[in-house]
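The values are calculated or read from the model by the stated rules, or taken from the named source; none is laboratory data. These figures come from a predicted structure and were not determined experimentally. Neighbour counts are summed over all protein chains in view; Cβ atoms, including those assigned to glycine, are modelled from backbone coordinates with ideal geometry.
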């Protein structure tokens, strides 16, 4: 009787393995550990959020839907690694994220 084929080994695709020519783990590519840049829309919404605006008021001011504003806030929270919107607002008001929401220099 034939044995059942062994289950293939699985690996975590979320954490890519960087391998050098000799099979050793190499350093991640340059820029892999830098924080993700915010989009212009995310920066605009975060500046409005810092000013104390409610999401529906920010949406009306920008001519967007509240769902769009919520999506930008959620994406910005993920990029900034902030767990909640209220924590995001607290950090914005405290000025902890000013360097991240400033317009990039060209």
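Within the range 47-67, the set of residues being in a helix (DSSP H, G or I) and loosely packed, with under 15 Cβ neighbours inside 10 Å comprises 56, 57, 60, 61, 66, 67.
Residue 25 versus (1) at pLDDT 95 or above; (2) touching a strand residue (DSSP E or B) at 6+ places or on another chain (Cβ under 7 Å): which is the lone unmet condition? Looking at each condition in turn, residue 25 falls short on (1). When the range 69-78 is limited to residues that are surrounded by 15 or more Cβ atoms within 10 Å (Cβ to Cβ) and touching a helix residue (DSSP H, G or I) at 6+ places or on another chain (Cβ under 9 Å), the one that is farthest from residue 39 (Cα to Cα) turns out to be 70.
Taking the criterion of being assigned to a helix (DSSP H, G or I) and more than 16 Å from residue 54 (Cβ to Cβ), the residues of the range 81-97 that qualify are 87, 91, 94.
Scanning the range 65-93 for residues that are at pLDDT below 95 and more than 18 Å from the chain's Cα centre (by Cα) yields a single hit, 93.
Out of all the residues in the range 90-101, is one or more closer than 17 Å to residue 39 by Cα and without any contact (Cβ under 8 Å) to a residue 24 or more places away in the chain?
Filtering the range 90-101 for residues closer than 17 Å to residue 39 by Cα gives 92, 97-101.
This time we only want the ones that are without any contact (Cβ under 8 Å) to a residue 24 or more places away in the chain, so: 98-99.
Taking every residue of the range 90-101 in turn, at least one turns out to be closer than 17 Å to residue 39 by Cα and without any contact (Cβ under 8 Å) to a residue 24 or more places away in the chain.
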